[in-house]
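Student: I am attaching a structure below and will ask some questions about it afterwards.
The values are calculated or read from the model by the stated rules, or taken from the named source; none is laboratory data. None of these values were measured; they are calculated from a predicted model. Positions of Cβ are generated from backbone atoms using ideal geometry, with glycine treated the same way; all protein chains shown enter the neighbour counts.
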Amino acid sequence: MLSRRAFCCALPTASFVAIAIPSVASAATTATDVSDACAAFTSDLQKTVTPESAIDLLKEGHARFAAGAPTKCNMADLVHATEGGQAPFACVIGCIDSRVPVELVFDQQIGDIFTARVAGPVINGDILGSMEFATKVAGAKAIVVLGHSSCGAVKGAVDDVKLGNLTGLLDQIQPAVAATPLTGEKSSKNAPYVDAVASTNVMNSVAALTERSPILKELVDTGALKIVGAMHDVHTGAVTFL
Ligand SMILES: [Zn+2]
């Protein structure tokens, strides 16, 4: 099992003792300690994470969520520990769906991951800029595009809904609708088709990140960044990496 402790071997034992003491004073003196899932992600720790291990950390966190055993951290300690800066190890681009709260699904804490959420999820210029900041500037090592089953945005695209500004957003999912083999009726009532379109849309979004951002492409090409897709099942709570 990969853990933050595995990344850390140089810290003195005393620092592990200090972080176990739930007090403001201990948080102030252990801002760069990395002994467990509640330790703040420091820039030193971030440097030890590879794109592959960043994905593993998310998988490990999801396993805790799926097992019903999320980490219980002292949020006040984490606020103090991260007040001077942030060094998240990964980014997740997820849908706005209330059933797929990113930090909860991956059991991540304050300062651990960048999250961008937009229905679909689709990729637009602001998302690209945010990811360029998160990776090139702030050093995150992986991007996960997280779609989910029974997605309302995907259903809207399948039904070709027209509604205000939503119309333009749903247009960005239409390539996934067109590219997904159809079995049965083309309708939001066709749940397997809706979920297949959602999965296609995730992979389209994964591809768009490097197709539309030379900065992200260079990071991927040089091995500094990994971009993957994943799907969350709203029936089971399980995340499957694509
Ligand atoms: Zn959705």
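Student: What number of residues in segment 128-164 are within 16 Å of the ligand (Cβ to nearest atom) and polar (S, T, N, Q)?
Tutor: Count: 2.
Student: Could you list, in sequence order, the residues of segment 218-242 that are surrounded by fewer than 17 Cβ atoms within 10 Å (Cβ to Cβ) and either in a loop (DSSP other than H, G, I, E, B) or at pLDDT below 95 (or both)? Full working, then the answer.
Tutor: Narrowing segment 218-242 to residues surrounded by fewer than 17 Cβ atoms within 10 Å (Cβ to Cβ): 218, 221-224, 233-238, 240-242.
Residues satisfying the conditions are T222, G223, A224, D233, V234, H235, T236, G237, A238, L242.
Student: May I pose another question? Might you let me know whether segment 88-95 holds any residue that is surrounded by fewer than 20 Cβ atoms within 10 Å (Cβ to Cβ) and without any contact (Cβ under 8 Å) to a residue 60 or more places away in the chain?
Tutor: No, segment 88-95 has no match at all.
Student: Moving to a separate point now. Check off (1) without any contact (Cβ under 8 Å) to a residue 60 or more places away in the chain; (2) assigned to a helix (DSSP H, G or I) for I215 and give me the number that stays unchecked.
Tutor: (1)
Student: What single numbered condition from (1) among the β-branched types (V, I, T); (2) surrounded by 19 or more Cβ atoms within 10 Å (Cβ to Cβ); (3) away from the ligand (no atom under 16 Å from the Cβ) fails to hold for T183?
Tutor: The single condition T183 does not satisfy is (2).
Student: In segment 79-116, how many are more than 15 Å from V239 (Cβ to Cβ) and within 16 Å of the ligand (Cβ to nearest atom)?
Tutor: Of the residues in segment 79-116, 3 are more than 15 Å from V239 (Cβ to Cβ) and within 16 Å of the ligand (Cβ to nearest atom).
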